[in-house]
Amino acid sequence: MNISPRDETNYGFLFVSNDPNPTDDSAQPSDSSELSGSGLAAEKARRLDRLAEMRAAGVEPYPYRFDRTYTLSEARATWGALEPGTETEHAVAIAGRVMLKREQGKLIFATVRDRDDDIQLFVSKAVVGDDAFTDIGRLDLGDWVGVRGTIMTTRKGELSVKVESLQLLAKAVRPMPDKWRGLSDVDTRFRQRYADLIVNDEARRAFQVRHAVISSFRRTLAGKGFIEVETPVLHVEAGGAHARPFLTHHNALDMQLYLRIALELHLKRLIVGGMERVFEIGRVFRNEGISTRHNPEFTMMELYQAFGDYSEVMNITEELIVQAARDSIGTTEVDIFDHEGNAHHVDLAKPWRKARMIDLVAEKTGVEVHPSQPVEQLRALADKHGVRCEARWGSGKIIEEIFEALAETSLIEPTFVTGHPVEISPLARADRNDPHLTERFELFVGTRELANGYSELNDPVEQRARFEEEQAAKDAGDAERGTVDEDYLRALEYGMPPTGGLGIGMDRLAMLLAGVTSIKEVILFPTLRPEVF
């Protein structure tokens, strides 16, 4: 969305200009909202004085509502093809934030923007009268206004509203950031997302992509007969993933609870109950570090389908993501960045590679590996390649660590990594041809894990044994391992049919399709250190 002026002359004065290609010095911002010290204080004081003047004159600067007849995108869709120099009798009521404004004799030109588009206001003193013209001239950039008038185009074809009346809807006391100097600090952009969204076209685009991706998932899954459900955020047991949980306390019940680290175990309880195809898109919480790929709270989509296995779930994964690309960015071709920042042009619609974890490790080390090998052999291989090992790790965990250290960074194009060792997959069913591996996959794109799925373990006896191994590892000091969830085991004892399950990180998928390299770019309010005022 381009919010630069479309009319005959340059805008760009007061405290912001959004024209990306100013043609003369007058279009450059003078002193912007990143005013420091007395500059910002003086500008806020001036605007507060204006508020006081309006109230003294009996004008409410924050009215309760405004009834508009068209959004700006609707107005542009309806009248965008008008010939230059056309005046109509089509009356409209529109609303938006004042982004640009200039006065030229008895005319004022301004640009207002709402959520999706922008439009020019054409204000004539002869139409609105002297007093209203003066008041409109005193508007500040950032003010929200409601406008009534008629549709017209200027002689250069700029769609405009010829203003008959204008009402202030909300006075902006703080000036907007300026396009060139404002919000250049990344931390400030994420902390003051409200200001970032006002001036940053790319920030708005990233969240439009994210919205379209999630909407696409819902449509695709509904078309396949999946039911969207909601499961608890507060858990008695922190299960369904290897992660350190957040703790909280319920006062009335005097009990410790965990913020969920995954959606899995409650969704599979619903499969036991006979719901057959369920999914949830929800927030999960993991008490871990913050990076360009990690935020302590993030959005997962998990689905479970009775009577299927991991091969069917892989097909669903590919279909969901390819369709989401079409729906959100209009193409399946994307630029994927590797860990060094190099771009690779990839068509997501092409068939995705499948490779076993142990084979990918062998490619990088030149040595065949398998979880059945003695742990000493694998520890020696890890040492040879500089991969750290802990004494309590078994062969399967060491293979995973070697894979993460040596192979992940080469997985640029979509790749299903399969055949994870049983040791690191406590909820996945053992491979029907190799009891040391599981029918599990992780999807990697651009070196990032985007999805995880498997044929679900539905044998309550084996699941108990796996849980007990998890508990033993936790007791030995691994805070990310799971515990014995007795209620989930009880659910399995009622019988869960063969089931395929999938989890997709929606934030990382949004990163991929929006073409950004930090997870903070697709989370409206990412977790940050407390601000010092």
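Quick notes on this structure:
- Within segment 51-74, restricting attention to residues that are under 31 Å from the mean Cα position of the chain (by Cα) and among the aromatic types (Phe, Trp, Tyr), the residue that is farthest from residue 170 (Cα to Cα) is 70.
- Any hit, segment 390-401, residues being touching a residue at least 12 places away in the same chain (Cβ under 8 Å), polar (S, T, N, Q) and farther than 20 Å from residue 209 by Cα: yes
A quick yes/no check of all residues on (1) at pLDDT 95 or above; (2) surrounded by fewer than 12 Cβ atoms within 10 Å (Cβ to Cβ):
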| residue | (1), (2) |
| --- | --- |
| 19 | no, no |
| 24 | no, yes |
| 38 | no, yes |
| 42 | no, yes |
| 49 | yes, yes |
| 70 | yes, no |
| 83 | yes, yes |
| 101 | yes, no |
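- Residue 78 assigned to a loop (DSSP other than H, G, I, E, B), of a type in the set (Val, Ile, Thr) and modelled with pLDDT of 95 or more: no
- Any hit, segment 251-259, residues being charged (D, E, K, R), modelled with pLDDT of 95 or more and in the same structural domain as residue 502 (by TED's automatic domain parsing): yes
- Scanning segment 237-247 turns up one or more residues that are small (Gly, Ala, Ser) and under 19 Å from residue 317 (Cβ atoms).
- Within segment 492-526, the residues that satisfy the criterion of being more than 21 Å from residue 209 (Cα to Cα) and of a type in the set (Ser, Thr, Tyr) are 494, 499.
- Filtered residue count, segment 431-453, keeping only those that are touching a strand residue (DSSP E or B) at 6+ places or on another chain (Cβ under 6 Å) and without any contact (Cβ under 8 Å) to a residue 40 or more places away in the chain: 4
- Here residue 529 does not fit the description of being assigned by TED's automatic domain parsing to the domain that holds residue 302 and basic (Lys, Arg).
- Residues located in segment 301-317, provided they are farther than 19 Å from residue 519 by Cβ, surrounded by 18 or more Cβ atoms within 10 Å (Cβ to Cβ) and either within 20 Å of the chain's Cα centre (by Cα) or not small (Gly, Ala, Ser) (or both): 303, 304, 305, 309, 310, 313, 314, 316, 317
- Qualifying residue in segment 471-486 (condition: over 18 Å from residue 238 (Cβ atoms), in the same structural domain as residue 212 (by TED's automatic domain parsing) and either over 34 Å from the mean Cα position of the chain (by Cα) or not aromatic (Phe, Trp, Tyr) (or both)): no
- Exactly one residue among 274, 289, 308, 240 is modelled with pLDDT of 95 or more, small (Gly, Ala, Ser) and more than 22 Å from residue 415 (Cβ to Cβ), and that residue is 274.
- Qualifying residue in segment 447-455 (condition: acidic (Asp, Glu), in contact with a Lys or Arg (Cβ under 8 Å, 6 or more places away or on another chain) and more than 30 Å from residue 413 (Cβ to Cβ)): no
The values are calculated or read from the model by the stated rules, or taken from the named source; none is laboratory data. Keep in mind the model is a prediction, meaning the values are calculated, not measured. FYI the Cβ positions are ideal-geometry reconstructions off the backbone, even for glycines, and counts take in every protein chain you see.
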